[in-house]
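The values are calculated or read from the model by the stated rules, or taken from the named source; none is laboratory data. As the structure is a computational prediction, the values presented were derived from the model and not from experiment. When we count neighbours, we look across all protein chains shown, and the Cβ atoms used for this are built from the backbone with ideal geometry, even at glycine.
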Amino acid sequence: MFGSTPVASITTADIARFRAQLLAPHTEHSHVTRGLPRQGKNRSGSKSPRLVTRSPKTVKHIVGTLKRILDTALDDRAIESNPVVSGRRHTTKRANGGHREPFKHRPLTSSQVAALYDWIARERNNSVYALAVLFTAYTGVRAAELQGLQAGDVTLSDIPGTVGSVRIERTMKKSRAAADAPLVWTEGTPKSDASTNRVVPLAPWLADDLRQYLATIHPFAGKHPHAPLFPGKRTRAGKATAAVEDFDWAKPIVVDNLYHNYLQPACKALRLGAVRFHDLRHTFATLALSAGEHYMQVSKWLGHSSYVLTLSTYADYIREDDTAAPAFDRPVASATSNVVPMEQRRSG
């Protein structure tokens, strides 16, 4: 259908028609190379070509291939938006009456992040997971990346008040080898090539907090660099607070536990609304852009596959100073210039 169609002229209506054609019944294609193709019978009993339909999974695969082609055109700025994505309606219901509005992320302010840290550390007596929330909000790591971090991935100076860094090069997820098999940790790689082995700087105050944590709380940081940066927690029914002995330092932190038992209750207590764990990643992006960091640098820290994704997601947070002027110097003619003033030409 789109063989000779310019990509810039493809619309969402074209995509809808294309999807409808794929789902519609069609004559079965014969792949017989010898003999006669198979024929079915219609209601009158006479032989006629069979009508078949494609499975939804097959249609999804075909449309997905088209989407990836148009994603490349989007990256090359050949189109302004991908009509396959634009034609979808990812919406969520409002609580007040059945109308639908697009879902929006909920980035937090720096004071809200500080309040979350204080609540988890004070009300749940868990400074380790309070630091994990603070760390996520100021590095933008994804959930699986946080679970995959090891103590050796953090680089810190011996001098207090200096910048540190963290390298993201792996993910850790719980999965099953079979339906009846137990959950086990599986190591993987980040979401895209741009996400792998990226280095995110740590603000001096955050580097100081991590230095103290690794030196005084983490039992294996100096001996075993492959130990999880943030530990898992041993299950103790009915116990909300946590002590050092409650952690399993040989296993990674479980983000689901961190979210449901610490972050979500803190957000509820502080009346911050429905905040997802992934909103901590959005928090990092918005805080960095609002502080004046260039969107291309923030895109690298986030590990986005393209700068276009960063722009389209966080354009409203890119700081623009309308009163600032370019730092141009006043032009001064060179002493060896060949330009002769008009008065000298007339006098000559």
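Things worth noting here:
- Among (1) assigned to a strand (DSSP E or B); (2) at pLDDT below 95; (3) touching a Leu at 6+ places or on another chain (Cβ under 8 Å) - the single one GLU101 does not satisfy: (3)
- Set ARG271, ARG281, ARG346, ARG276: member being at pLDDT 85 or above and surrounded by fewer than 10 Cβ atoms within 10 Å (Cβ to Cβ): ARG271
- The strands (runs of 3 or more DSSP E) located wholly in segment 164-208 include none with 3 or more residues which are in contact with a Phe, Trp or Tyr (Cβ under 9 Å, 6 or more places away or on another chain) and outside the structural domain of ALA143 (by TED's automatic domain parsing).
- The set of residues from segment 161-193 being over 17 Å from GLU293 (Cβ atoms) and of a type in the set (A, V, I, L, M, F, W, C) comprises ILE168, MET172, ALA177, ALA178, ALA179, ALA181, LEU183, VAL184, TRP185.
- Residue in segment 137-151 that is over 24 Å from GLY303 (Cβ atoms), of a type in the set (S, T, N, Q) and out of contact with any Ser or Thr (no Cβ under 8 Å at 6 or more places or on another chain) present: no
- Test result for THR58, hydroxyl-bearing (Ser, Thr, Tyr), at pLDDT 75 or above and surrounded by 12 or more Cβ atoms within 10 Å (Cβ to Cβ): yes
- Flag if GLY161 is assigned to a loop (DSSP other than H, G, I, E, B) and either within 24 Å of SER111 (Cβ to Cβ) or not assigned by TED's automatic domain parsing to the domain that holds THR310 (or both): yes
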